[in-house]
């Protein structure tokens with residue numbers, strides 16, 4: 001007869017989840033230092049670009065969108081981790097989401113902050129970014145609200161506001177608990193942020209209602225944001241961009257990469273913060289199944305998008321299609337197909353292979369593959385425009401590579417700092433549960 | 001004055017609330033403190049909420065203002081682009097949608113702060129009990145504290161009601 005699993009007592013849950021906040025280990029310091037150095041190198045590269053101008057990048061006529069726009073689309077896609085996992089599972093009241101939601105919501109906020117930086121970096125003259133804001137210029141002309149670039153600004157501003165509130169709301173009860181312990185500066189911080197939370201039924205009712213409503217709103221906003229990002233491309237009459245399925249295709253890709261980012265983050269947190277009893281193999285298994293589902297959906301959209309172009313055989317579209325599948329960008333395209341479809345399909349589709357380690361490998365593969373997917377969408381269309389004489393080749397310079405690397409380091413650093421300031425699992429949501437055999 | 005009753009079971013706390021309300025204590029004078037949300041059966045301690053209504057109102061106001069603002073700016077300096085209309089709902093629909101959602105988000109958050117009482121002036125003399133967490137399972141929230149605001153002459157009856165419902169401890173706080 002199988003033994004009844006022990007319950008994880010409440011005091012141990014609090015101890016396990018609050019402990020990482022008070023200890024700073026040597027590996028943590030080292031990882032933060034490395035992330036800081038890479039981030040600082042990116043800042044140096046950006047300052048070089050600001051001084052010398054956009055000529056230091058690989059951007060040239062006709063390819064005026066390159067790695068920065070790829071990074072922008074990629075990071076906005078990653079931000080879909082929090083909204084999908086947290087909002088859908090919260091609305092459906094799925095119990096297994098509880099250890100996952102905060103880790104996901106934090107990814108959303110940081111990925112959006114980083115993604116939102118790229119249009120500014122891409123502007124070249126970054127100090128003029130305020131021209132996008134709705135105010136009239138010296139000739140009293142207002143910004144053109146019919147432009148998809150202004151749609152981006154409003155969509156991202158709404159998404160950032162919603163995501164920050166969506167992350168903050170369930171943090172309030174935990175911060176009220178933390179305000180009773182800890183060092184003086186932390187006590188002051190948590191007390192201020194918890195707004196005098198007492199745990200009364202009025203507060204709990206209001207919090208639960210607000211969270212449910214926010215989940216509904218944020219879902220709609222998340223879908224709209226990535227659709228708007230897709231429309232940046234689809235609204236132009238460029239070969240292989242002017243597509244009716246670009247909106248849902250981008251949303252699918254965003255959720256796909258978002259789940260991969262969440263799996264990777266969970267895998268690292270689990271090891272570093274010793275939270276094996278909370279991020280169990282069952283949590284990974286469920287997320288891995290979701291990743292597999294999105295992998296199949298992504299493959300379906302990719303097939304639909306490319307097959308219709310190939311079947312139509314329209315010369316301008318075929319020039320881009322050829323560049324992607326047989327030309328300069330073929331290595332990117334086929335690597336993308338391998339990393340986004342073959343690797344996750346094999347590792348997650350076969351039940352015996354669906355382990356935590358393989359789920360982590362599959363998520364790293366998907367993250368690289370999805371970055372390549374964005375590259376394959378953005379660049380070949382611009383380097384093969386409708387005017388054949390304008391065709392060119394684009395390759396990023398070390399400036400663009402350094403800035404891209406810095407954003408990954410910034411993401412890691414922000415996440416590590418967050419995990420040291422706030423519990424990475426919502427303690428109040430996490431009821432005592434049986435310990436699972438891992 | 002205030003009475004603080006501690007319960008280890010949700011059903012006992014619900015029975016105490018029913019009994020106190022039957023004895024004439026208003027729901028506004030009752031507060032339940034716990035370390036996690038506690039859901040009582042309908043009719044025990046309902047807290048009516050206008051959160052959905054306020055969020056919808058916020059959405060409508062924000063969406064309307066945003067659309068009106070775009071209409072005004074586009075007519076303030078008419079700039080014809082590619083023969084397109086000066087103002088078109090289709091072309092500005094995305095911004096209208098996003099601003100509608102932003103209105104809903106801000107209204108939702110603002111009303112949450114108001115309805116929860118976090119940003120309202122509070123009675124500083126009111127004691128705030130600290131429920132003690134227990135290692136329990138099966139949906140039991142652990143210890144619950146019921147705070148009752150009552151007059152001195154109602155205290156004895158309220159204490160009896162809480163004890164007979166299953167309170168493990170009842171304390172008097174504040175002046176009679």
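The values are calculated or read from the model by the stated rules, or taken from the named source; none is laboratory data. Keep in mind the model is a prediction, meaning the values are calculated, not measured. As a convention, Cβ positions derive from the backbone with ideal geometry for all residues, glycine included, and neighbour counts pool all protein chains shown.
Summary table
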{"item": "Candidates A:220, A:210 - the one that is modelled with pLDDT of 90 or more, surrounded by 22 or more Cβ atoms within 10 Å (Cβ to Cβ) and out of contact with any strand residue (DSSP E or B) (no Cβ under 8 Å at 6 or more places or on another chain)", "result": "A:210"}
{"item": "Criterion: modelled with pLDDT of 85 or more, more than 7 Å from chain A (Cβ to nearest Cβ) and either in contact with a helix residue (DSSP H, G or I) (Cβ under 7 Å, 6 or more places away or on another chain) or closer than 30 Å to residue B:163 by Cβ (or both) - qualifying residue of B:92, B:96", "result": "B:96"}
{"item": "Breaking point among (1) facing chain A (nearest Cβ under 10 Å); (2) touching a residue at least 12 places away in the same chain (Cβ under 8 Å), for residue B:25", "result": "(1)"}
{"item": "Residue match in the range A:125-133 (condition: surrounded by 19 or more Cβ atoms within 10 Å (Cβ to Cβ) and part of a helix (DSSP H, G or I))", "result": "no"}
{"item": "Any hit, the range B:102-122, residues being in contact with a strand residue (DSSP E or B) (Cβ under 8 Å, 6 or more places away or on another chain), in contact (Cβ under 8 Å) with a residue 24 or more places away in the chain and assigned to a loop (DSSP other than H, G, I, E, B)", "result": "no"}
{"item": "Condition check for residue B:37: closer than 28 Å to residue A:210 by Cβ and assigned to a loop (DSSP other than H, G, I, E, B)", "result": "yes"}
{"item": "Residues located in the range B:99-119, provided they are at the interface with another protein chain (Cβ under 7 Å from one of its Cβ atoms) and either more than 17 Å from the chain's Cα centre (by Cα) or surrounded by 21 or more Cβ atoms within 10 Å (Cβ to Cβ) (or both)", "result": "B:99, B:101, B:102, B:104, B:105, B:108, B:109, B:112, B:115, B:116"}
{"item": "Answer residue from the range B:43-53, given it is at the interface with chain A (Cβ under 9 Å from one of its Cβ atoms) and part of a helix (DSSP H, G or I) and is nearest to residue B:15 (Cα to Cα) among those", "result": "B:51"}
{"item": "Filter pass, residue A:215 being over 17 Å from the mean Cα position of the chain (by Cα), modelled with pLDDT under 90 and not assigned by TED's automatic domain parsing to the domain that holds residue A:157", "result": "no"}
{"item": "Residue satisfying condition, being under 27 Å from the mean Cα position of the chain (by Cα), more than 9 Å from chain A (Cβ to nearest Cβ) and either modelled with pLDDT under 80 or surrounded by fewer than 19 Cβ atoms within 10 Å (Cβ to Cβ) (or both), within set B:163, B:173, B:122, B:134", "result": "B:173"}
{"item": "Residue in the range A:363-372 that is surrounded by fewer than 23 Cβ atoms within 10 Å (Cβ to Cβ), more than 28 Å from the chain's Cα centre (by Cα) and either under 25 Å from residue A:258 (Cα atoms) or free of Cβ contacts under 8 Å to residues at least 24 places away in the same chain (or both) present", "result": "no"}
{"item": "Odd one out for residue A:426 among (1) in contact with a strand residue (DSSP E or B) (Cβ under 9 Å, 6 or more places away or on another chain); (2) within 14 Å of chain B (Cβ to nearest Cβ)", "result": "(1)"}
{"item": "Any chance residue A:236 is farther than 27 Å from residue A:307 by Cα and either surrounded by fewer than 20 Cβ atoms within 10 Å (Cβ to Cβ) or not assigned by TED's automatic domain parsing to the domain that holds residue A:91 (or both)", "result": "no"}
{"item": "Residue within the range A:146-153 that is assigned to a helix (DSSP H, G or I) and within 18 Å of the chain's Cα centre (by Cα) present", "result": "yes"}
{"item": "Residues located in the range A:155-172, provided they are more than 8 Å from every other protein chain (Cβ to nearest Cβ), surrounded by 20 or more Cβ atoms within 10 Å (Cβ to Cβ) and within 24 Å of residue B:97 (Cβ to Cβ)", "result": "A:156, A:159, A:163, A:166, A:167"}
{"item": "Which numbered condition residue A:23 fails, given (1) at pLDDT below 90; (2) under 30 Å from residue A:215 (Cα atoms)", "result": "(2)"}
{"item": "Test result for residue A:89, crowded, with 20+ Cβ neighbours inside 10 Å, away from every other protein chain (no Cβ under 14 Å) and either free of Cβ contacts under 8 Å to residues at least 40 places away in the same chain or over 23 Å from the mean Cα position of the chain (by Cα) (or both)", "result": "yes"}
{"item": "All positions within the range A:373-389 that are touching a helix residue (DSSP H, G or I) at 6+ places or on another chain (Cβ under 8 Å), surrounded by fewer than 18 Cβ atoms within 10 Å (Cβ to Cβ) and under 12 Å from residue A:238 (Cβ atoms)", "result": "A:386"}
{"item": "Count of residues meeting criterion [modelled with pLDDT of 95 or more and farther than 17 Å from residue A:243 by Cα] in the range A:295-329", "result": "3"}
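Residue-by-condition table, conditions (1) crowded, with 19+ Cβ neighbours inside 10 Å; (2) assigned to a strand (DSSP E or B); (3) within 23 Å of the chain's Cα centre (by Cα); (4) not assigned by TED's automatic domain parsing to the domain that holds residue B:150:
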{"site": "B:41", "(1), (2), (3), (4)": "no, no, yes, yes"}
{"site": "B:55", "(1), (2), (3), (4)": "yes, no, yes, yes"}
{"site": "B:63", "(1), (2), (3), (4)": "yes, no, no, yes"}
{"site": "B:69", "(1), (2), (3), (4)": "no, no, no, yes"}
{"site": "B:72", "(1), (2), (3), (4)": "no, no, no, yes"}
{"site": "B:79", "(1), (2), (3), (4)": "no, no, no, yes"}
{"site": "B:86", "(1), (2), (3), (4)": "no, no, no, yes"}
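For (1) more than 7 Å from chain B (Cβ to nearest Cβ); (2) assigned to a helix (DSSP H, G or I); (3) farther than 23 Å from residue A:107 by Cβ, each residue gets a yes or a no:
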{"position": "A:174", "(1), (2), (3)": "yes, yes, no"}
{"position": "A:185", "(1), (2), (3)": "yes, yes, yes"}
{"position": "A:189", "(1), (2), (3)": "yes, yes, no"}
{"position": "A:196", "(1), (2), (3)": "no, no, yes"}
{"position": "A:206", "(1), (2), (3)": "no, yes, yes"}
{"position": "A:216", "(1), (2), (3)": "yes, yes, no"}
{"position": "A:222", "(1), (2), (3)": "yes, yes, no"}
